[in-house]
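Participant: Here it is, the structure in full.
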Amino acid sequence: MNRYAISNNVLKMLKDRHMTQHELAARIGVQDPTLSKWMTGQRQPSAYALLRISRVLGVTMEDLMEGIEDE
C-alpha cells in the first residue's frame with residue numbers, strides 16, 4: 001500500500017462530510033499536529049487511531065485503507 005493511501009482516503013472522506021482536520025482531531029482525541037503528521041505521511045497512525053477515525057467517519061477500517069468506490 002502507498003504510504004499516503006490512508007491519508008488520501010481520510011482527506012477525501014473529510015471533504016465529502018464537510019469536516020475539517022481540526023474537527024476530526026478533536027473527535028478522536030488527538031492534537032492537531034498529530035493528525036497533521038498522519039495526513040502528510042510523516043507518521044503512521046496506530047491501529048487504534050484508525051479504528052477511532054473509522055468510527056467518526058462512519059466507515060470501516062478497510063475503507064480507510066482501500067478507499068470507497070463511488071457508486
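Participant: Take G58 and tell me if it is among the small types (G, A, S), touching a helix residue (DSSP H, G or I) at 6+ places or on another chain (Cβ under 8 Å) and surrounded by fewer than 16 Cβ atoms within 10 Å (Cβ to Cβ).
Facilitator: no
Participant: Could you grab me the full set of residues in segment 34-50 that are touching a helix residue (DSSP H, G or I) at 6+ places or on another chain (Cβ under 6 Å), among the aliphatic types (A, V, I, L, M) and farther than 15 Å from M19 by Cα?
Facilitator: L50
Participant: With respect to D16, determine if the residue is surrounded by 13 or more Cβ atoms within 10 Å (Cβ to Cβ) and acidic (D, E).
Facilitator: Criteria not met by D16.
Participant: Are there helices (runs of 4 or more DSSP H) fully within segment 5-71 with at least 3 residues that are at negative phi and in contact (Cβ under 8 Å) with a residue 24 or more places away in the chain? List them.
Facilitator: Here the list reads 5-16, 21-28, 47-57, 61-66.
Participant: Further question on the same structure: Which one of R27, R43 is among the basic types (K, R) and modelled with pLDDT under 95?
Facilitator: Result: R43 is the single residue among R27, R43 that is among the basic types (K, R) and modelled with pLDDT under 95.
The values are calculated or read from the model by the stated rules, or taken from the named source; none is laboratory data. Note that the structure is predicted; figures quoted are calculated from it, not measured. So basically every Cβ, Gly included, is an ideal-geometry build from the backbone, and we count neighbours across all protein chains shown.
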